[in-house]
Structures are given as C-alpha cells and as structure tokens.
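> Take this structure first; my questions come after.
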Amino acid sequence: NCSPRLIEDLIDFYKVKNISDYMCGSGTTKDVADRKNIKANVYDLNQGFDLLNMDVPERNEFIFWHPPYDDSATCSATSL
C-alpha cells in the first residue's frame with residue numbers, strides 16, 4: 001500500500017546510503033534499496049519481528065516507517 005516511487009524519491013532527495021524499515025510488509029523498501037544498490041535492513045511482524053517487544057537490531061541513517069493499518073496489525077498479531 002506504499003508506492004515504491006515514494007521510497008525512491010526519499011532515497012534520492014536525502015542521498016541515503018542505508019535504510020531501515022521495521023514494518024516492511026511485502027518488502028517494497030528492500031526491493032527499492034536493491035535497485036538503488038544501497039544497504040537495507042528490513043523486518044516485519046510476519047517474519048517474526050515484533051517491534052513492540054523486541055530490540056531494534058540496528059539504526060541506519062535513514063528509517064522509513066509505514067505502520068500497518070490498525071485492523072491489519074490486529075489481525076497479524078492475533079494470528080500468531
């Protein structure tokens with residue numbers, strides 16, 4: 001639900017060298033980072049990363065965060 005163009009524009013505008021996304025969902029941030037040839041650290045609840053109860057493994061210079069919609073977060077958390 002996030003356009004890759006938004007992430008591409010942010011990377012280009014801020015001249016990002018590495019990016020973190022702690023709610024990466026389908027992986028758009030990783031896909032864009034790979035195309036831009038920059039390092040990406042991406043995590044998601046569906047991959048076992050619980051941002052509310054786990055430590056953030058690293059903090060890159062740029063963090064893109066597009067939290068899930070409330071109902072999708074609730075569904076994901078209750079289905080675990």
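The values are calculated or read from the model by the stated rules, or taken from the named source; none is laboratory data. Computed from a prediction, not measured in an experiment: that's the story for all the values here. Every residue, glycine among them, receives a Cβ derived from its backbone with ideal geometry; neighbour counts consider all protein chains shown. Keep in mind that these areas ignore ligands, DNA and RNA; they rest on the heavy atoms of the full protein, side chains included. Shrake-Rupley method; radii C 1.70, N 1.55, O 1.52, S 1.80 Å.
> Considering only the stretch 6-59, state which residues are at pLDDT 95 or above and exposed (fewer than 11 other Cβ atoms within 10 Å of the Cβ).
Once the filter is applied, which keeps residues that are at pLDDT 95 or above and exposed (fewer than 11 other Cβ atoms within 10 Å of the Cβ), the stretch 6-59 yields Asp12, Phe13, Lys15, Asn37.
> Something else now. Every residue in the stretch 31-64 that is closer than 8 Å to Ser20 by Cα, touching a residue at least 24 places away in the same chain (Cβ under 8 Å) and within 11 Å of the chain's Cα centre (by Cα), please.
If the condition is that a residue be closer than 8 Å to Ser20 by Cα, touching a residue at least 24 places away in the same chain (Cβ under 8 Å) and within 11 Å of the chain's Cα centre (by Cα), then Phe62, Ile63, Phe64 are the ones that fit.
> Ok, one more. What are the residue pairs meeting all of these: first residue in the stretch 1-28, first residue closer than 19 Å to Tyr43 by Cβ, second residue β-branched (Val, Ile, Thr) and open to solvent by 50 Å² or more (accessible area, probe 1.4 Å), Cβ atoms under 9 Å, and 6 or more apart or on different chains?
Pairs found: Ile19/Ile63; Ser20/Ile63; Asp21/Ile63; Tyr22/Ile63.
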